[in-house]
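One structure is given here, and the rest of the page talks about it.
The values are calculated or read from the model by the stated rules, or taken from the named source; none is laboratory data. On a predicted model such as this, the values are computed, not experimentally measured, just so you know. Heads up, the Cβs are rebuilt from the backbone with ideal geometry, glycines too, and the neighbour counts pull from every protein chain shown. For accessibility, only protein heavy atoms count, side chains too; no ligands or nucleic acids. Shrake-Rupley method; radii C 1.70, N 1.55, O 1.52, S 1.80 Å.
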Amino acid sequence: MDACFSTQLIDGDGVFNVSGLENFMKEVKMGECGLSYAVVSIMGPQSSGKSTLLNHLFRTNFREMDAFKGRHVTTKGIWMAKAHNIEPCTLVMDLEGTDGRERGEDDTAFEKQSALFALAVSDIVLINMWCHDIGREQAANKPLLKTVFQVMMRLFSPRKTTLLFVIRDKSKTPLENLEPILREDIQKIWDGVPKPHAHKETPLSEFFNVEVVALSSYEEKEELFKEQVASLRDRFQQSIAPGGLAGDRRGVVPASGFSFSSQQFWKVIKENKDLDLPAHKVMVATVRCEEIGNEKIASFTADEEWQQFEEAVQHDYVPGFGKKISNLLDRCLSEYDMEAIYFDEGVRTSKRHQLESKLLQLVNPAYQNLLDHLRTRTLEAFKESFDKSLEKEGFAVAARDCTKVFLEKFDKGSEDAAIQQVKWDPSKIKDKLKRDIEAHVASVRAKKLSELCSKYEGQLTKALAEPVEALLDSASEETWPAIRKLLQRETKSAVSGFESAMASFELDEVTQKELLSKLESHGKSVVESKAKEEAARVLIRMKDRFSTLFSRDADSMPRVWTGKEDIKAITKTARSASMKLLSTMAAIRLDEDGDNIENTLSLALVDTARPGTTDRSIQSFDPLASSSWERVPEEKTLITPVQCKSLWRQFKAETEYTVTQAIAAQEANKRNNNWLPPPWALAAMAILGFNEFMTLLKNPLYLGVIFVVFLVGKAMWVQLDIAKEFQNGFLPAVLSLSTKFVPTIMNILKRLADEGQRPAAPERQREMELQPKSTRNGSHSNVTSAGSSSITSSESGPEYSSPIAH
């Protein structure tokens with residue numbers, strides 16, 4: 001008896017027992033039945049033995065009336081139990097009897113609600129009726145049949161239900177005679193029931209299968225009753241199979257949705273609304289399929305294997321991802337299909353698509369992460385391979401080949417990541433990879449080209465810088481033509497090498513021309529930069545050139561001012577050379593356009609003192625009173641005319657001292673070369689000193705004394721280097737000689753004493769001893785100042801050298 005799991009489905013007040021039905025569904029394992037189940041209900045007057053019949057027919061345990069306690073309502077509401085040992089699973093509902101005195105004559109609402117509920121959910125409805133009511137106009141079963149047919153009209157599309165009329169307490173009248181009378185009564189009742197316009201002509205057979213069976217009295221013929229019930233029980237075996245009692249049923253709700261469907265049926269019935277069974281079927285399928293879908297989503301997200309995949313793709317690429325995830329999704333969808341197979345196909349398919357879409361939404365972030373990792377790995381591998389390829393191949397070839405190889409690898413990786421249930425397009429990630437590869441190639445290309453440019457720019461700078469500096473230092477009429485020729489030659493060489501090196505990059509013509517033009521411009525900028533540097537030092541260069549030409553002769557030997565040199569001409573030549581240096585540095589002449597800078601400077605600076613230029617109108621015009629040169633662009637100007645004038649003024653001021661010193665040295669030289677007194681002084685000396693001269697001739701001893709004095713004086717003259725001392729001026733010479741006079745006298749006396757004590761030596765040895773002595777004595781002279789002249793001894797007499805030595 002425990003196998004029937006009976007429970008009250010709806011109580012006498014019409015309250016649906018939701019929890020009781022849910023427990024009942026679990027206990028009888030309805031969820032596993034699918035469409036393989038049947039629902040049987042029984043209707044009939046109160047105390048007509050409905051529960052007794054069900055207990056014997058299906059071996060249930062519904063409560064039965066105790067005849068000894070009198071007739072009263074036994075079953076309140078609707079009860080449900082599972083038929084014992086009947087296949088397929090059969091649910092049995094025992095409805096509260098009609099026409100009960102407890103509810104009263106006017107309270108038929110629950111009776112109609114329960115009848116409508118039974119017709120909505122049942123495949124087979126047992127109509128329990130007494131044999132003696134057949135053929136009677138006021139029989140107790142007629143109100144019941146009217147109720148059944150009336151509520152049937154409230155079903156928009158009634159399911160086909162089997163009405164099994166059970167005739168109780170059968171009399172001796174054969175069933176073959178009773179059945180036609182019963183069917184005739186049923187037809188009359190059907191014809192008399194008001195119908196919707198759509199069903200005016202619809203026959204009874206369209207909605208019901210009518211079956212009739214008769215049973216003997218349970219109280220009088222119990223054994224026969226049981227035999228007949230046992231025979232009837234056999235008809236409920238495989239009742240939903242073709243040819244069975246409910247073989248042509250339609251609109252069946254899958255077993256897993258029975259609980260929800262029943263609740264919704266009763267809710268609508270209680271609200272006194274018409275039942276739309278097709279819509280109800282769709283609604284139940286929708287709710288139940290959605291529940292199944294949610295369960296599968298929860299199951300999928302809780303799946304340990306999926307969680308491992310989800311975690312793994314957060315950190316790195318997972319090989320075989322697509323196949324493994326496809327298997328997980330296929331398994332999940334297959335489970336959904338198995339559980340939802342009996343629900344409405346349209347709803348089932350729609351919810352399956354929704355489930356698939358939700359599952360793919362769960363999987364998509366992992367898929368995107370996987371492709372991102374694949375893109376990153378492919379890009380890193382490309383960079384490494386590309387760097388190695390550059391060591392063996394040209395840039396363009398290496399970039400093209402590596403790009404092709406690694407895009408194919410990405411395609412293979414994306415195919416491995418592809419999920420069978422959906423065709424996600426990895427083209428966006430691939431396009432991003434392409435952009436990343438192109439950006440890297442462009443970056444490396446720019447770096448390599450920059451290195452290449454720097455290399456050839458460095459070579460060009462090295463080839464131009466020092467030669468240009470040397471050419472500018474020489475500063476002649478051929479300076480800028482030589483610079484142009486040098487620039488053209490070295491630029492052509494650098495451009496040729498650069499062009500050959502760029503061939504491997506396969507650059508477009510425009511880019512190649514830009515780079516070559518940049519290299520050519522660099523060569524010009526090197527020359528211009530050097531020219532600007534030299535222009536900044538032009539004053540120093542002018543003074544150096546002036547000093548070189550003024551202080552040295554044609555053989556580059558230091559010039560000695562003997563008094564015969566034309567200082568004015570030398571000065572003019574040196575200044576003209578400095579002016580040419582200034583004109584050369586005044587502007588950049590990389591183009592062959594001519595200019596008149598040199599003539600302008602010559603006219604304004606060097607030729608201003610020419611004898612023929614005494615006209616005031618000419619002298620009043622200053623060609624250097626301008627900030628630009630004629631026919632010279634401003635950007636090519638290094639030194640403006642005004643700056644040239646200022647520089648020349650400063651140059652003359654700083655070189656004037658050198659010229660003055662040279663003139664002074666020349667005059668001093670002239671004075672020093674004239675040792676003899678004037679002729680008139682010689683005549684006066686001869687006349688006035690005749691007597692003294694005769695005295696000396698008469699007394700030779702005087703001549704000896706004078707000779708000794710001469711020798712001592714000569715020795716003092718040489719030892720003290722008096723002539724050189726007086727070149728520094730009278731007062732400095734006196735001071736210097738006063739400090740050296742006594743030591744020199746002592747040195748002479750000491751050497752004479754040493755000579756007297758030393759034995760006689762050969763003449764040659766004496767000469768050798770005297771020579772170092774003279775040299776040593778000469779070392780005591782002072783170094784002259786920068787502005788003085790020096791005196792040297794020669795056979796022709798003392799000479800004066802330039803104060804500026806180089």
Going through region 410-438 in order, the residues found to be closer than 30 Å to residue 500 by Cα and open to solvent by less than 60 Å² (accessible area, probe 1.4 Å) are 436, 437
Those residues of region 300-351 which are farther than 30 Å from residue 409 by Cβ, open to solvent by 60 Å² or more (accessible area, probe 1.4 Å) and not hydrophobic (A, V, I, L, M, F, W, C) amount to 304, 331, 335, 339, 342, 345
Would you be able to say whether some residue in region 479-490 is buried (at least 18 other Cβ atoms within 10 Å of the Cβ) and touching a Gly at 6+ places or on another chain (Cβ under 7 Å)? yes
For region 1-43, name all the residues that are of a type in the set (A, V, I, L, M, F, W, C), open to solvent by 20 Å² or more (accessible area, probe 1.4 Å) and modelled with pLDDT under 90. 1, 3, 5, 33, 35
Under 6 Å by Cβ, and 6 or more places apart or on different chains, what pairs join a residue from region 476-492 that is outside any loop (DSSP other than H, G, I, E, B) with one that is β-branched (Val, Ile, Thr)? 479/584; 483/468; 487/527
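Is it the case that some residue within region 145-157 is touching a Phe, Trp or Tyr at 6+ places or on another chain (Cβ under 8 Å), open to solvent by less than 70 Å² (accessible area, probe 1.4 Å) and at pLDDT below 80? First the steps, then the outcome.
Taking region 145-157 and keeping what is touching a Phe, Trp or Tyr at 6+ places or on another chain (Cβ under 8 Å), we get 149, 152.
Next cut, open to solvent by less than 70 Å² (accessible area, probe 1.4 Å) only: 149, 152.
Filter again for at pLDDT below 80, leaving 149, 152.
Yes, some residue in region 145-157 is touching a Phe, Trp or Tyr at 6+ places or on another chain (Cβ under 8 Å), open to solvent by less than 70 Å² (accessible area, probe 1.4 Å) and at pLDDT below 80.
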For region 501-526, give me each residue that is out of contact with any Leu (no Cβ under 8 Å at 6 or more places or on another chain) and of a type in the set (Gly, Ala, Ser). 503, 504, 517, 521, 525
With the condition kept exactly as written, say whether any residue in region 232-255 is open to solvent by less than 60 Å² (accessible area, probe 1.4 Å), part of a strand (DSSP E or B) and either farther than 30 Å from residue 295 by Cβ or in contact (Cβ under 8 Å) with a residue 24 or more places away in the chain (or both). no
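Give 135, 100, 104 a once-over and let me know the one that is open to solvent by 10 Å² or more (accessible area, probe 1.4 Å), assigned to a loop (DSSP other than H, G, I, E, B) and modelled with pLDDT of 65 or more. Outline the logic, then answer.
On the way: 100 fails: modelled with pLDDT of 65 or more; 104 fails: modelled with pLDDT of 65 or more.
The match here is 135.
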When you look at residue 58, is it under 22 Å from residue 267 (Cα atoms) and more than 60 Å from the chain's Cα centre (by Cα), yes or no? no
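Of all residues being among the hydroxyl-bearing types (Ser, Thr, Tyr) and at pLDDT 70 or above in region 107-132, which is farthest from residue 266 (Cα to Cα)? Just the residue, please. Spell out the reasoning first.
Residues of region 107-132 among the hydroxyl-bearing types (Ser, Thr, Tyr): 108, 114, 122.
Next, from what is left, pick out any that are at pLDDT 70 or above: 114, 122.
Numbers: 114: 9, 122: 13 Å.
Per the stated criteria, the residue is 122.
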In the set 390, 355, 374, 452, which member is without any contact (Cβ under 8 Å) to a residue 60 or more places away in the chain, of a type outside the set (D, E, K, R), closer than 25 Å to residue 323 by Cα and surrounded by 15 or more Cβ atoms within 10 Å (Cβ to Cβ)? 374
